[in-house]
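Down below is the structure, laid out as structure tokens.
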Amino acid sequence: DAKTTQPTSMDCAEGRAANLPCNHSTISGNEYVYWYRQIHSQGPQYIIHGLKNNETNEMASLIITEDRKSSTLILPHATLRDTAVYYCRTMKLTFGTGTRLTIIP
Amino acid sequence: DSGVTQTPKHLITATGQRVTLRCSPRSGDLSVYWYQQSLDQGLQFLIQYYNGEERAKGNILERFSAQQFPDLHSELNLSSLELGDSALYFCASSVDPVTGAKNIQYFGAGTRLSVL
């Protein structure tokens with residue numbers, strides 16, 4: 001299972017796009033990338049997942065590099081309610097420490 | 001609402017005691033996962049069950065045990081409790097543990113355990 005690496009924290013201005021990177025350089029060919037977020041102490045919430053192609057849903061977009069060694073989660077118009085810890089994971093069952101995203105008014 | 005139900009929401013107990021946390025997965029999900037989250041820490045994977053059988057084990061202490069019943073609900077048993085066991089315990093479920101969309105985990109709201 002691939003290990004993931006994310007920045008510890010990021011800030012983003014309200015209304016701007018938040019771009020959260022994740023490195024998964026040891027990912028294997030059939031491993032998907034999943035993104036979750038945890039708001040305060042609530043249960044983590046699934047956001048999006050992908051294998052090779054870029055994906056978009058009502059919450060976010062996921063850009064996966066061609067070599068699949070990294071990906072970026074994009075929140076197109078961040079709101080204060082997007083302040084949370086964002087986790088990137090592959091098939092590995094642990095979540096790592098994630099990125100604490102703070103949306104600035 | 002994720003569809004995963006955890007009870008109780010809060011639990012306060014004393015050191016040395018034993019508690020049971022309960023999880024009902026989403027309808028149709030066969031796989032259940034347990035996670036522990038201590039204060040300001042990441043999610044630590046404890047154990048996974050699939051259709052009643054243990055599938056994967058993480059950093060679960062010997063004092064902790066779990067099982068998944070024929071109706072697919074799961075229980076996490078914590079015994080000889082210590083102060084350091086105070087944490088949020090989350091249960092998640094997925095359709096099955098294979099890759100792709102079926103491996104998306106849906107989390108419950110958690111049980112907050114306080115050991116005094």
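The values are calculated or read from the model by the stated rules, or taken from the named source; none is laboratory data. Please read these numbers as outputs of a predicted model, since none were measured by experiment. Note that each Cβ is placed from the backbone with ideal geometry, even for glycine, and that neighbours are counted across all protein chains shown. These area figures cover heavy atoms from the full protein model, side chains too; ligands, DNA and RNA do not enter into them. Shrake-Rupley method; radii C 1.70, N 1.55, O 1.52, S 1.80 Å.
Scanning the range A:36-49 for residues that are closer than 15 Å to B:S94 by Cα and either crowded, with 17+ Cβ neighbours inside 10 Å or more than 10 Å from every other protein chain (Cβ to nearest Cβ) (or both) returns A:Y36, A:G43, A:P44, A:Y46, A:I47, A:I48, A:H49.
Of the strands (runs of 3 or more DSSP E) lying entirely inside the range B:29-70, those carrying at least 2 residues that are surrounded by 23 or more Cβ atoms within 10 Å (Cβ to Cβ), in contact with a strand residue (DSSP E or B) (Cβ under 9 Å, 6 or more places away or on another chain) and touching a residue at least 60 places away in the same chain (Cβ under 8 Å) are B:31-37.
A quick yes/no check of all residues on (1) more than 10 Å from every other protein chain (Cβ to nearest Cβ); (2) at positive phi; (3) not aliphatic (A, V, I, L, M):
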position: B:V4; (1), (2), (3): no, no, no
position: B:P8; (1), (2), (3): yes, no, yes
position: B:S79; (1), (2), (3): yes, no, yes
position: B:D85; (1), (2), (3): yes, no, yes
position: B:V95; (1), (2), (3): yes, no, no
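Does the range A:50-103 hold any residues that are within 14 Å of chain B (Cβ to nearest Cβ), open to solvent by less than 10 Å² (accessible area, probe 1.4 Å) and hydroxyl-bearing (S, T, Y), and which are they? Within the range A:50-103, A:Y86, A:Y87, A:T90, A:T99 meet the criteria. For the range A:22-35: of the residues being among the hydrophobic types (A, V, I, L, M, F, W, C) and open to solvent by less than 10 Å² (accessible area, probe 1.4 Å), which is farthest from the other protein chains (Cβ to nearest Cβ)? Within the range A:22-35, the match that is farthest from the other protein chains (Cβ to nearest Cβ) is A:C22.
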